[in-house]
Structures are given as C-alpha cells and as structure tokens.
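Enquirer: Here's a structure for you.
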Amino acid sequence: MNTNSVPLQHLAAGQAGCICRLLGQPDVLHRLEEFGLRPGTRIEMFRPGNPCIVRLGGCKVCLRADDLLHILVEPIDGAAPGQGCCRRRRWRGGTG
Amino acid sequence: MPAAAKSVLTVALIGNPNTGKSTLFSALAGMSQHVANYPGATVEKKTGRMTCAGQRYELIDLPGLYSLSPRSRDEMVAVDVLLGQQKGANPVDAVICIVDAVNLLRNLYLVSQVRELGLPTVVAVNMLDVAAARSIALDLPRLERQLGVPVVGVQAHRRVGIAELKAALARAVKDPAPGEETLFPPVFEDEVARLQGTFSRTAGAGPMPAFLARRLLLDTSGYLAGRLRPSVDGSGLGATVGSSYHAGCTAGPVGSGTPALSTALQEARERLRAACCPIPAVEPAVRYAWAERMLTGALSEPDRRRPTVTDRIDHSLTHWFWGLLFFAAVMLIVFQSVFTWARPAMEAIEGAETALGGWLQNHLAEGALRSLLVGGVLSGVGSVLQFLPQILILFFFLGILEDCGYLARAAFLMDKFMARIGLSGKSFIPMLSCFACTVPGIMAARVIENERDRLTTILVAPLLTCSARLPVYTLLIAAFIPDRTYCGGLLNLQGLTLAGLYLLGIIVAVTAALVLKKTLLRGQSPPFVLELPSYKWPSLRTVVQRVLGRGWIFLHTAGTLILAVSILVWAGLYYPHHSDAVAPLIQERQQLQQQVKQLAGNDSARSNAEVRLREIAREIDGVHQRHSILGRLGHFLEPAVRPLGWDWRIGCAVIASLPAREVVVATMGVMYNAGEDEDNRALKERLRDVTWEGSGKPVFSIPTALSIMVFFALCAQCGATLAVMRRETNSWRWPAFTFAYMTVLAYLGALATYQVGTWLGG
C-alpha cells in the first residue's frame, strides 16, 4: 500500500485526494464501487466531519464512515482537478 | 420482430436517482399517470400511456437506482420488472435509460447493465443545460456511435427533446440494435455459458438468457437465485428482509435457490476467484472501463471546476450552526402550516359529519339502522377523512423539499444525531412528521432504503406524540392538573405536564429504537451513502402528483380498515340493546313529553322538563352502553385496569377508542352521562364528580388522570396507523407486534404512574 495514504476523514475542507483503497466487506465495497467510489477516483472534501460531504465526479455525496468501511486516499496538494491522481485517467480530455 | 407486433408495447423508464426521471415521465405520459403499489411489494408502481406514430406504449416508471444488483426493495422490483418476473407488470419490450449529463460516467454504469438485457434501448441525456453551464461539452452523435444505441438530448423540465425521444424509441423498437459483445473476460463468460447449461438441465426449461446467468453469478446475496426457485414465495416482506439481512455473506442462506443452482454458483465463483476474477469486484471494474471507453472523445470537462450556485448554498445550509438554524426554521414553518392549514379543513369535515349526522337523526326512525349509520359508518368515514388534510399538506411540503433537493441536506444534518440511536439521517423527517400524524410519518419512511432502519423507524413511529393525542391530554390536564405557576409565571404546571408527555414519547421512542436495533432488527447496516443533488426549483406538477398518489393510497388501504373497525366497535357498544334496563327512563320521558306539550312556551316548569329530557336522553345512551358487549367486557376487565386507578367505564372507553384514540373523549362522555358538547365543559365537571360504584370515593384523582394520559402516550390505539403499517410492511406481523409491545408498555407505564403517584400523594 502507498505510504502517503491517509483515511478520508483526514482531508481538510477543499482538499482533494485520490482514492487508493477501500477496506470493507466485499458486498459493501461492490455497492460503493458501483456508486463511483472506487480506487483511482478523485475525491474532494467539501464538508469534513462524520458524516462528511465529498465531491465525487459531478456530484456531492454524503458519507458516514464507520467500522464497516475505511476509505484510504492519497492527498493531492494544491493540484488542479484532473492532475496528479494515482491512476488518473487522461482519456476524458478529448475533442468535445 | 415480435415486439412490434403487439398492440401496446411496454416501455420501462430507468435511471439513477436525481436525474429528472419523474419529470421526463410526466413529459412523456402527460396526465395519463396511474400510481399504485406492485402487488405484494411496498414499491410504488407508476404507469402511464403514450402514443407515437400510431404505436401505443405503456410506460413503467422504475424506481431510481444506481445499479441492477438487487439489494434494496427498489432494485429488486426493477430487476423483476425488467426480467418479466414481477407480478402486476407486463413483460418489458423496450427501455428508455435516462442519464444525467453532469454525471455521465456513473450513469453509464447502469446503461452498461441495461444493454445486456438485449432489449431495444434509447439513452436520454438530461440536464444538458446544467452541463453547459458547467462548461461540460458533450458530443452526442459521437456518444451514439460509440454506445451503439440511439442517444437523444433532452431537457425534461422544459419539455425539450421529447418528440425526438419518442421518435428514437419508435426507431429502436422497429429496428433493434444488434446484440453487443460481452464486457466480461473470457473466463467469466465460460462460467456464464456453463451456468446456462446447468440451469436448463436443472429446471428442464429453455436455456437461460446470458443476462440472467451473469446477474446470478454476480448477485452474491442470493436474491435472484431465490427468485428462480419454482415455488418460492419471494414476494412477501419476510423474503425481502431476509435477503437483505444476509446480504453480507456470499450465497446467503435465505433464498439460495435450488441446491443444484446455488452449489453451481458457489463453485463457479470459487473457480473465478482462483482465476483472478473476483466476484463481485470484477463488475465495477469492467463496466467502468467500458463507460470510460464510451466517453472517450465524446465528453470534455473543464480542468478547473468553478463553484456552482449549489456549492454556495451548501456552504451555508450544511454548516453545523447556520444549517441547523435554517433547518429548524424550515421545520417550524412546515409544522405551523400543517396545523394552521389543516385545522379549518378538519373542522369543515367535522362540521359536515355533525350536520349529516343531525340530518340522519331527524330523518330516520330511532333504531339499529340509524345508530349504525351515525355511530358506525359516519363516524368511521369521518375519522378516516380527518387524517386527510394533515397527510396532504405534510406531503405537499415534503414533496417540495424533496424535489428542490433540500431533503438530502436535512438527512445529512440529522445523521449525526440519528446515528447515536442506530439509525441514519433519513429516519429523521419521517419521525418528525409523526408529531403531526403517524400515518404520513410511516408513509414517508419509504425514503429509507435500508430495510432494518425503515422497519425500526416504522415500529417506533407511533410512540411519538401525534396531534390526535392532544384532545385526550387537554381534557384531562384542564380537568385535573392544578393551574399552578412557578418562576414568576414562566412555568405552568399544566404546560409542564403536556411537555412531559411529549418528552415521555420521545424518550420511549429512542429507547425502543435502540432496543430494536440491538435485538430484533440486529445486524450491520450498510454504510450511509447519500447523493446530494443540485438544487433546483421544485416542479409543482411532480409534487401535486405525488401528494395525490399518497392521499389515494391512504384512503384506499387505511380507509376501508378503519371503517370496518369503527363498525365493529359501534356494534360492541350498541348490542344487545335491551330495553328492560331503560324502561323506567323511557316511561319518565313519555310523561315529560306529555307535560311539555301541555305547558306554555315561557313556563319555567317547561324549561325544567326540557332540561330533564336531555338528561334522560344521555342516561338512556349511558345505560345502553353500560349494558352493551363492550360495557360487559369493561366490567370483566375491571380487575385488570383497577391497579391503574381506572374504573370499568374508563377501561371500556379505552377499548372503544381502539380505531382512533381521540374517540375516548366522546365515549367517556357517554359512559359518564355527560353527553357530547362543544368544549367538553360538562364532561370536565362530570369527571370530577364521578365516584367508584358502591363508595363515595371519587374515581378521578391526579394519579388516575396521569395514568390515563401515560397510557395514551404509549399505546397504539389508532386503526389508521396499524393499517398503514400493514400496507408499508406488507404483513400483519409488524402491526401486531407494534400493538402488542406498545400496549404492554402503556399498561406498565400507567401502572407505575398510578402506583407511584398514589404512594407519593399518601
């Protein structure tokens, strides 16, 4: 596992991170990955706390972390969205 | 093309939540909407009709969902409808998949699942205007080429692109796109093929569709396998709850299908795991990879995201202080409006009931029929209609809050508090609604998709003090609690008692929720994840349609039951209706009537006689009720209610208030010969004078009054609540359980109150 990774709760408001790992039951993880919470995705803290509000893709999501779920992220410091994510896909900057 | 040969084609509308699906449905179906429940399920079934180029379509609005993995009730129904297994829904011929332009990647996940169904599919891209405002550029023709199905841009709320969507649907039905190649790795497809063989051997039916085989492999909860068992009774709540209970383990013990099938599935999953294709994790991986391929070159997003209006609003509305303050203000306005707006309507209904009752009294001969119509049917219909204004107004406000996107923020704000009692923020609004009326509160619990949380909310909902308890409280408090003030007039003992009763309800509800989550409804809840949609202006049309739908469901399901129970209670209070006991009174009445006829209009003897006549009428009613079946039951039960400080007449009134607790006031009025009058002044005075039969000791003391109020704070004396609970849980088990546990609590609470009260009072 990447040494830079921290739990999602450690992100400050406005700070972005890249999801490195989700830890939890397979079925719970399946649901979250279907929802778009999956490794390699950029996530941005909007309102820290528990529950917290994060920005994920084009929407905001309210999340409550508990014993069942740990989200580890790799903080992206001061980088513009779309840059510096661990497995960030570049395919979207297409012709439009 | 067998689909095109049918006269009416069934089209399913599917999409993620908050994509504007309901608005698109309204735009397509117009006013021809029909809301009902799927038979045997508590999921709303919304259908509508539309015609395009001479072809008639039936539209089915499926619940908003992120995935076709059947985990929640909504998803199970959607999957069953798409697979043609849902009772009460026609097999689907085509699918319209609505996607949100702002969130395309995640929306395409569902599209990738839908396209495997092999049905003619059209993708409607909604919210293009919002995407444009966020500088998100979409190349729809390119997306259509890459997806291989028709893609139409729409703005559902402005009715833009609807004709194009209908035309694309007609084209897709006439000329379906060729089947797509699979997204899954060959090792997975080998297992799918093997499963298709196994299943046809097991069930002796034709080959299983590849879609079903894939979903069977991926559905580790065992729900689908359970549905395929030939004689499975999977429609009841028991099965629904069961499968979500065991959703955590692979190939759950509930509904695991025919042994051969479940063994085959388990073995296949084992082989796949060994081949580095873990189930179910492979699904998001391959589908998101596909979605990303589909969007390549078709979507361009700005590098830097500018804060939107929604962001700015959310900065204040999700703030721990300003957000809570705003939320409290909104709730205050909503409940104030519910009470002020509902009161005139409720008074009008009551007035109409009284007027109609008076008319019947005057135009029908005295007897069982008149009594049945007035005391049974009319009061039953009245007590059903009494709920309607509150339900409609409350759902109107909740509809607006939901449609504009605020309800999700409220759930976020309240989650911290609700998590402490083991629930999530979504339970808060339904519980708050219960302070107005438990019925809409229980109906509002549909938004909670976690089955255990929803059940817990529903089971503790009747403990929260609804407005129907107020008549009981105000009567007894005004009659028996001394009007003392403390702290220089700031605190009033009567007010404190009322507040204490509200607090009692809240404390017991919280405790009950904690206990239920630790015992009966124990189990790990899935993590609380909730999308916060962008704010938008609520659509009045959507809100009104939802309000009317809920109102109709209440009238339809609760109404009939309340009416039936009202008539039963009427019969219990009316029969056997012996005339022996009232013979002396009737004789006296006849004499007085003769007197009145002979006396002049201004004679004081005449007015005395008239007063006595009214008294006699009340006494006759009282004698009949005391000798009725319920009256005798009251006598029989007196030993049980005596420790609560009640005489048999209170016990009897409590039984008679089974359909609706506010009835207890009127019944006590008749039982104690006080009659029913405007502000119950006579009843209050009468109650103070009532003595135990055979002794001069007054029945009502402060401990007795408190004991009755505590009983009513905790009991489940409300037919409407129990009927709606049955409707929403799809079984009599839960209302029966609620009635039992609440009655026991109420009895023990009243017992403790009376015994401690008398002990303290010396």
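Enquirer: If residue B:74 satisfies every condition in (1) under 21 Å from residue B:547 (Cα atoms); (2) over 22 Å from the mean Cα position of the chain (by Cα); (3) touching a residue at least 24 places away in the same chain (Cβ under 8 Å) but one, which is the exception?
Expert: The failed condition is (2).
Enquirer: Taking the criterion of being assigned to a helix (DSSP H, G or I) and under 21 Å from residue B:568 (Cβ atoms), would at least one residue in the stretch B:340-351 satisfy it?
Expert: Checked the stretch B:340-351: no residue is assigned to a helix (DSSP H, G or I) and under 21 Å from residue B:568 (Cβ atoms).
Enquirer: Shifting gears a bit: Could you tell me which of the residues B:161, B:153 is buried (at least 19 other Cβ atoms within 10 Å of the Cβ) and at positive phi?
Expert: When all the criteria are applied, what remains is B:161.
Enquirer: Take residue A:81 and tell me if it is at the interface with chain B (Cβ under 8 Å from one of its Cβ atoms) and at pLDDT 70 or above.
Expert: Answer is no for this residue.
Enquirer: Same structure again: Take the residues in the stretch A:47-62 that are of a type outside the set (Gly, Ala, Ser) and at the interface with chain B (Cβ under 7 Å from one of its Cβ atoms), then tell me which one is farthest from residue B:425 (Cα to Cα).
Expert: Ranking the candidates gives A:59 first.
Enquirer: Name the one entry in B:81, B:35, B:95, B:99 that is over 20 Å from residue B:280 (Cα atoms) and either without any contact (Cβ under 8 Å) to a residue 40 or more places away in the chain or open to solvent by 10 Å² or more (accessible area, probe 1.4 Å) (or both).
Expert: None of the other options fit; the residue is B:35.
Enquirer: Next up: For the stretch B:268-323, name all the residues that are free of Cβ contacts under 8 Å to residues at least 40 places away in the same chain, under 30 Å from residue A:48 (Cβ atoms), more than 9 Å from chain A (Cβ to nearest Cβ) and outside any loop (DSSP other than H, G, I, E, B).
Expert: B:312, B:316, B:322
Enquirer: State yes or no: is residue B:59 in contact with a Cys (Cβ under 9 Å, 6 or more places away or on another chain) and assigned to a strand (DSSP E or B)?
Expert: no
Enquirer: Between B:117, B:143, which is touching a residue at least 24 places away in the same chain (Cβ under 8 Å), of a type in the set (A, V, I, L, M, F, W, C) and in a loop (DSSP other than H, G, I, E, B)?
Expert: B:117
Enquirer: Within the group B:168, B:89, which residue is outside any helix (DSSP H, G or I), small (Gly, Ala, Ser) and touching a residue at least 12 places away in the same chain (Cβ under 8 Å)?
Expert: Residue meeting the stated conditions: B:89.
Enquirer: Which members of the stretch B:411-429 meet the condition of being within 11 Å of chain A (Cβ to nearest Cβ) and farther than 18 Å from residue B:515 by Cα?
Expert: B:411, B:412, B:413, B:414, B:415, B:416, B:425, B:426
Enquirer: Being within 36 Å of the chain's Cα centre (by Cα) and closer than 21 Å to residue B:665 by Cβ is the filter here, so list the residues in the stretch B:482-498 that pass it.
Expert: The answer is B:494, B:495, B:497, B:498.
Enquirer: Suppose we filter the stretch B:599-612 for residues that are surrounded by 10 or more Cβ atoms within 10 Å (Cβ to Cβ) and either touching a Gly at 6+ places or on another chain (Cβ under 7 Å) or not hydrophobic (A, V, I, L, M, F, W, C) (or both); how many remain?
Expert: Summing the residues that are surrounded by 10 or more Cβ atoms within 10 Å (Cβ to Cβ) and either touching a Gly at 6+ places or on another chain (Cβ under 7 Å) or not hydrophobic (A, V, I, L, M, F, W, C) (or both) in the stretch B:599-612 gives 6.
Enquirer: Quick check, is residue B:63 under 23 Å from the mean Cα position of the chain (by Cα), at pLDDT 80 or above and surrounded by fewer than 17 Cβ atoms within 10 Å (Cβ to Cβ)?
Expert: Here the answer is no, as residue B:63 does not meet what is asked.
Enquirer: Another question, then. Hey, which of the helices (runs of 4 or more DSSP H) in the stretch B:698-762, taking only ones fully inside, have at least 1 residues that are under 17 Å from the mean Cα position of the chain (by Cα) and charged (D, E, K, R)?
Expert: Hits in the stretch B:698-762: B:719-729, B:733-761.
Enquirer: Could you check how many residues of the stretch B:639-649 are in a helix (DSSP H, G or I) and buried (at least 17 other Cβ atoms within 10 Å of the Cβ)?
Expert: Residues meeting the conditions: 4.
Residue-by-condition table, conditions (1) farther than 14 Å from residue B:658 by Cα; (2) open to solvent by less than 20 Å² (accessible area, probe 1.4 Å); (3) modelled with pLDDT of 85 or more:
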{"position": "B:707", "(1), (2), (3)": "yes, yes, yes"}
{"position": "B:722", "(1), (2), (3)": "no, no, yes"}
{"position": "B:748", "(1), (2), (3)": "yes, no, yes"}
{"position": "B:753", "(1), (2), (3)": "yes, no, yes"}
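Conditions (1) at pLDDT below 85; (2) part of a loop (DSSP other than H, G, I, E, B); (3) open to solvent by 10 Å² or more (accessible area, probe 1.4 Å), marked per residue:
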site: B:426; (1), (2), (3): no, no, yes
site: B:441; (1), (2), (3): no, no, no
site: B:460; (1), (2), (3): no, no, no
site: B:465; (1), (2), (3): no, yes, no
site: B:475; (1), (2), (3): yes, no, no
site: B:478; (1), (2), (3): yes, no, yes
site: B:483; (1), (2), (3): yes, yes, yes
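Enquirer: Which members of the stretch A:43-55 meet the condition of being surrounded by 23 or more Cβ atoms within 10 Å (Cβ to Cβ) and more than 13 Å from residue B:318 (Cα to Cα)?
Expert: Within the stretch A:43-55, just A:43 meets the criteria.
Enquirer: For residue B:516, work out the one condition from (1) at pLDDT 90 or above; (2) farther than 30 Å from residue B:28 by Cβ; (3) open to solvent by 30 Å² or more (accessible area, probe 1.4 Å) it doesn't fulfil.
Expert: (3)
Enquirer: Here are the criteria: (1) out of contact with any Pro (no Cβ under 9 Å at 6 or more places or on another chain); (2) open to solvent by 60 Å² or more (accessible area, probe 1.4 Å); (3) at pLDDT 80 or above; (4) not aliphatic (A, V, I, L, M). Tell me which single one residue B:618 does not satisfy.
Expert: Against the list (1) out of contact with any Pro (no Cβ under 9 Å at 6 or more places or on another chain); (2) open to solvent by 60 Å² or more (accessible area, probe 1.4 Å); (3) at pLDDT 80 or above; (4) not aliphatic (A, V, I, L, M), residue B:618 comes up short only on (3).
Enquirer: All but one of (1) within 20 Å of residue B:124 (Cβ to Cβ); (2) over 26 Å from the mean Cα position of the chain (by Cα); (3) open to solvent by 10 Å² or more (accessible area, probe 1.4 Å) hold for residue B:6; which doesn't?
Expert: So residue B:6 meets the others, but not (1).
For every residue, the table says whether it meets (1) away from chain A (no Cβ under 14 Å); (2) assigned to a helix (DSSP H, G or I); (3) surrounded by fewer than 16 Cβ atoms within 10 Å (Cβ to Cβ).
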residue: B:524; (1), (2), (3): no, no, yes
residue: B:534; (1), (2), (3): no, no, no
residue: B:537; (1), (2), (3): yes, no, yes
residue: B:554; (1), (2), (3): yes, yes, no
residue: B:557; (1), (2), (3): yes, yes, no
residue: B:563; (1), (2), (3): yes, yes, no
residue: B:569; (1), (2), (3): yes, yes, no
residue: B:573; (1), (2), (3): yes, yes, no
residue: B:580; (1), (2), (3): yes, no, yes
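Enquirer: Hey, another quick one. When the stretch B:118-127 is examined, which residues are found to be within 34 Å of the chain's Cα centre (by Cα) and on the phi < 0 side of the Ramachandran plot?
Expert: B:119, B:121, B:122, B:123, B:124, B:125, B:126
Enquirer: Which one of the conditions (1) under 31 Å from the mean Cα position of the chain (by Cα); (2) away from chain A (no Cβ under 14 Å) does residue B:110 fail to meet, given that it meets all the rest?
Expert: Single failed check for residue B:110: (2).
Enquirer: When the stretch B:114-142 is examined, which residues are found to be within 28 Å of residue B:192 (Cβ to Cβ), open to solvent by less than 40 Å² (accessible area, probe 1.4 Å) and touching a helix residue (DSSP H, G or I) at 6+ places or on another chain (Cβ under 7 Å)?
Expert: B:116, B:117, B:120, B:121, B:122, B:123, listed by residue number.
Enquirer: Limited to the stretch A:11-42, what total is found for residues that are assigned to a loop (DSSP other than H, G, I, E, B) and more than 10 Å from chain B (Cβ to nearest Cβ)?
Expert: 4
The values are calculated or read from the model by the stated rules, or taken from the named source; none is laboratory data. Note that the structure is a prediction, hence the values are computed from the model and not measured. Note that each Cβ is placed from the backbone with ideal geometry, even for glycine, and that neighbours are counted across all protein chains shown. All accessible areas refer to the heavy atoms of the entire protein, side chains included, with ligands and DNA or RNA removed. Shrake-Rupley method; radii C 1.70, N 1.55, O 1.52, S 1.80 Å.
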